[in-house]
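Please read the structure below before turning to the comments.
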Amino acid sequence: MTGRIIKIALDSPLDMEFDYRWKPATATDPDPQVGQLALVPFGRREVVGVVTAVGDASDYDADKLRDVIALRAQLPPLSPDWLALCRFAADYYQRPLGEVMLPCLPKGLRTDSTVALDRALKKRAAAAAPPKAPKKSRAAKALSDAATEASLSVAASIPATDIDAEVPVPRAAPVLNPGQQAAVDAISASEGFAAHLLFGVTGSGKTEVYLHAAQAVIARATGKGEAAQVLILVPEINLTPQLEASVRARFPQLNIVTLHSQLAEGERLRHWVAAHHGDAAIVLGTRLSVLAAMPALKLIVVDEEHDPSYKQQEGLRYSARDLAVWRARQLDIPVVLGSATPSIESWQHALNGRYRRLDLTQRAAAQAQLPRVGLIDMEVNKAPDGLSSPLVAALRARLERGEQSLLFLNRRGYAPVMHCDACGWISNCRRCTAFMVLHKPERRLRCHHCSLELRIPQSCPTCGNVDLQPLGRGTQRVEEHVQVLFPQARVLRIDADSTRRKGSAQAAFDAVHRGEVDILLGTQMVAKGHDFQRLTLVGVINPDTALFSPDYRAGERLFAQLMQVAGRAGRAAVDKGSDGQERRAEVLVQTRYPQHPLYRALLAHDYPGFAASTLEERRSAGLPPFVFQALLRAEAKQLQAALDFLQAARELMPAEGIIINDPVPMTVTRVAGVERAQLLIECASRARLQAFLKPWLAALREQKSRLRWSLEVDPVDI
Ligand SMILES: [Zn+2]
Ligand SMILES: [Zn+2]
């Protein structure tokens with residue numbers, strides 16, 4: 001054999017795999033393998049790609065093919081399962097295979113140097129068991145320890161009266177309530193693929209269910225002498241440290257790694273390597289980790305499955321939740337989607353039996369109750385400074401009792417716009433169809449779309465009036481007002497501005513947990529996941545704008561957000577005050593539309609009711625999940641050019657059974673001087689839509705337009 005022809009996927013916009021020649025350096029060199037990484041020449045550069053086929057034939061003239069420079073033979077090949085996952089994602093989301101595979105690998109694997117990789121592999125070897133023992137012994141021992149603990153925790157879950165006094169109960173695994181136990185049983189009893197929708201009110205102990213299910217799955221595999229890995233996805237990097245701490249405390253003997261974009265490069269590579277070699281029993285990560293190579297994957301958990309951050313909004317615009325379900329089906333393993341407010345799509349799947357619903361109806365802490373929700377009618381309670389008198393009174397009562405309060409306002413900055421009363425000037429961004437937001441502490445006007453920053457003008461740029469007014473309010477303005485109202489209170493604001501420095505968000509949350517904060521104030525960052533034990537009041541300021549958004553998902557998102565932020569209150573058991581009165585936690589929502597069905601559902605903590613009416617609206621309006629959509633976007637210096645491109649695309653191919661709507665400018669049409677327009681494609685059948693998209697995009701690429709354009713399948717922001 002003088003050489004082979006291999007196909008390689010490269011990170012290139014060309015929708016193809018590339019042929020290269022491979023010649024062994026010595027006669028004993030093993031053949032390249034599918035799934036190996038290879039360094040190859042590409043244009044004038046040397047780049048890393050993934051070997052997707054090894055053969056002896058090429059459609060091109062073999063003499064003109066270029067040679068592989070080096071194979072990364074020190075790394076085991078990526079598995080056929082992983083390759084299949086990437087191929088599916090590439091097909092479904094209409095991206096070249098290489099643009100799916102390469103970006104999801106750590107940078108250290110994609111460079112022409114192997115220094116980082118070799119260092120990671122060396123560290124892995126050094127961390128392994130004593131040199132004499134076989135390589136896998138540490139992992140195997142850890143797994144058998146886990147198995148023992150799992151069997152103990154099964155004992156611990158038997159109702160207390162049945163427990164033999166001699167059975168030691170592991171401290172780390174608390175007794176599950178009957179709902180949690182039923183959920184764990186259902187998940188761990190699944191043979192092969194099963195999608196479970198774990199529907200549990202906030203504070204109902206979903207994490208406990210994940211951990212027990214993970215334990216059971218690992219124990220079962222160990223019992224069969226197999227390796228096992230569990231992937232747990234969380235929506236936010238800010239939540240990984242918290243969950244990581246719980247997982248480590250529960251499984252001190254297991255190798256647990258995290259994968260997210262804020263890890264240092266070397267660390268991310270080491271964690272990836274641990275997942276890829278099967279050393280890591282549990283991988284905890286954000287959306288990108290759904291594409292991690294895990295050869296012994298036996299269970300996938302998607303926590304807060306409704307969360308919009310599972311959707312990647314650039315490059316490969318995938319839904320990590322949807323890929324998780326596909327991956328579980330392909331591997332024939334269970335997947336658990338957990339939420340207090342499932343996405344409407346997942347709820348619909350549960351209704352029609354594709355997903356199995358597991359309900360957690362109780363809060364986990366024995367006497368913890370759901371908070372009481374109250375609506376403050378802002379037509380009656382005028383509040384020139386943003387806080388109505390009932391809300392101020394409720395804050396004062398918490399301060400007097402030494403309890404914590406949370407104010408939720410999903411708008412950062414001081415005021416969303418500055419305005420001149422004299423001539424009507426407003427602070428438009430000159431590069432975007434958007435306002436410049438006033439950031440008072442930073443003394444800046446900032447555009448949240450293009451990041452343009454200006455100093456706050458001393459006087460009106462148009463008429464010279466020196467009395468410019470802020471309009472509306474953001475978190476900074478509410479913070480200022482709260483501090484004036486309660487000068488003694490310790491107020492802390494948490495939003496994207498206050499947490500720019502790495503680690504500062506975690507430090508802020510830690511301060512809240514330590515009780516060093518009386519009034520916490522923030523955007524959606526404060527709504528998620530955190531378990532504040534002394535928090536008994538949540539105030540929601542101005543949520544109404546989402547009720548009238550052109551985005552049909554805005555209501556769903558608002559409901560989820562409000563349920564989630566409301567769930568921050570009353571997670572601990574109810575205290576009796578010194579007067580003997582029960583102190584039930586309270587959520588107060590300031591709204592001008594107290595009769596709106598969304599708020600009525602919120603009052604009753606009625607997600608199923610909200611979902612039923614939302615599904616009915618979607619059905620009658622012909623919206624997802626009753627139709628399938630794709631969105632073609634185009635960008636140009638002139639709006640008309642973008643619209644013309646989309647109109648031409650629309651007429652490119654006959655589209656039977658497909659609705660292609662008129663091209664329209666995007667809601668925020670201009671960003672950083674670029675005009676943006678979109679074309680919505682709809683179809684009642686997912687398969688038919690997919691069958692249309694592929695040839696259509698191929699034809700569109702043939703046009704070789706110089707406009708920037710992109711396609712998104714299952715778009716979430718329209
Ligand atoms: Zn003016
Ligand atoms: Zn701008």
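The values are calculated or read from the model by the stated rules, or taken from the named source; none is laboratory data. Since the structure is predicted, the reported quantities are computational estimates derived from the model, not experimental observations. Glycine gets a Cβ as well: all are built from the backbone with ideal geometry, and neighbour counts include every protein chain shown.
Screening ALA393, ALA434 for residues that are closer than 27 Å to ARG670 by Cβ and of a type in the set (A, V, I, L, M, F, W, C) leaves exactly one candidate, ALA434. Here ALA648 fulfils each of the conditions (1) crowded, with 17+ Cβ neighbours inside 10 Å; (2) in a helix (DSSP H, G or I); (3) of a type in the set (Gly, Ala, Ser) apart from (1).
Of all residues being β-branched (Val, Ile, Thr) and surrounded by 14 or more Cβ atoms within 10 Å (Cβ to Cβ) in the range 448-489, which is farthest from ligand 1 (Cβ to nearest atom)? Just the residue, please. Break it down into steps so the answer makes sense when it comes.
Taking the range 448-489 and keeping what is β-branched (Val, Ile, Thr), we get 456, 462, 466, 475, 478, 482, 484.
Subset that is surrounded by 14 or more Cβ atoms within 10 Å (Cβ to Cβ): 456, 475, 478, 482.
Values: ILE456: 14, THR475: 27, VAL478: 27, VAL482: 31 Å.
Looking at residues that are β-branched (Val, Ile, Thr) and surrounded by 14 or more Cβ atoms within 10 Å (Cβ to Cβ), I get VAL482.
Quick one: in the range 298-326, of everything that is more than 25 Å from ALA219 (Cα to Cα) and small (Gly, Ala, Ser), which residue is surrounded by the fewest Cβ atoms within 10 Å (Cβ to Cβ)? Per the criteria, the residue is GLY315. Whenever a residue of the range 662-685 is of a type in the set (Val, Ile, Thr), it has no partner that is modelled with pLDDT of 95 or more and within 16 Å of ligand 1 (Cβ to nearest atom) lying with C-beta atoms less than 7 angstrom away and at least six residues away or across chains. Restricting attention to the range 704-718, the residues that are assigned to a strand (DSSP E or B), within 21 Å of the chain's Cα centre (by Cα) and either farther than 13 Å from GLU314 by Cβ or free of Cβ contacts under 8 Å to residues at least 40 places away in the same chain (or both) add up to 1. Once the range 417-431 is narrowed to residues that are within 33 Å of the chain's Cα centre (by Cα), surrounded by fewer than 21 Cβ atoms within 10 Å (Cβ to Cβ) and assigned to a loop (DSSP other than H, G, I, E, B), the residue that is nearest to ligand 2 (Cβ to nearest atom) is ARG431.
Wholly within the range 256-351, which strands (runs of 3 or more DSSP E) include no fewer than the required count, namely at least 1 residues that are in contact (Cβ under 8 Å) with a residue 40 or more places away in the chain?
Numbers: elements: 256-259, 282-285, 297-302, 334-339.
Output list reads 282-285, 297-302, 334-339.
Does the range 68-82 contain at least one residue that is in a loop (DSSP other than H, G, I, E, B), in contact (Cβ under 8 Å) with a residue 60 or more places away in the chain and of a type in the set (Gly, Ala, Ser)? For the range 68-82, residues in a loop (DSSP other than H, G, I, E, B), in contact (Cβ under 8 Å) with a residue 60 or more places away in the chain and of a type in the set (Gly, Ala, Ser): present.
In the range 327-338 there is no residue that is crowded, with 23+ Cβ neighbours inside 10 Å and either modelled with pLDDT under 95 or over 27 Å from MET294 (Cα atoms) (or both).
Hey, any hits in the range 392-408 for a residue that's over 24 Å from GLN524 (Cα atoms) and part of a loop (DSSP other than H, G, I, E, B)? Looking through the range 392-408, at least one residue is over 24 Å from GLN524 (Cα atoms) and part of a loop (DSSP other than H, G, I, E, B).
Of the residues making up the range 664-680, those that are within 16 Å of ligand 2 (Cβ to nearest atom), touching a Pro at 6+ places or on another chain (Cβ under 8 Å) and under 12 Å from LEU632 (Cα atoms) number 1. All conditions in (1) away from ligand 2 (no atom under 14 Å from the Cβ); (2) modelled with pLDDT of 95 or more hold for PRO457, with the sole exception of (2). If I filter the range 193-210 for residues that are free of Cβ contacts under 8 Å to residues at least 12 places away in the same chain, of a type in the set (A, V, I, L, M), surrounded by fewer than 21 Cβ atoms within 10 Å (Cβ to Cβ) and closer than 26 Å to GLU345 by Cβ, do I get at least one hit? Taking every residue of the range 193-210 in turn, none turns out to be free of Cβ contacts under 8 Å to residues at least 12 places away in the same chain, of a type in the set (A, V, I, L, M), surrounded by fewer than 21 Cβ atoms within 10 Å (Cβ to Cβ) and closer than 26 Å to GLU345 by Cβ.
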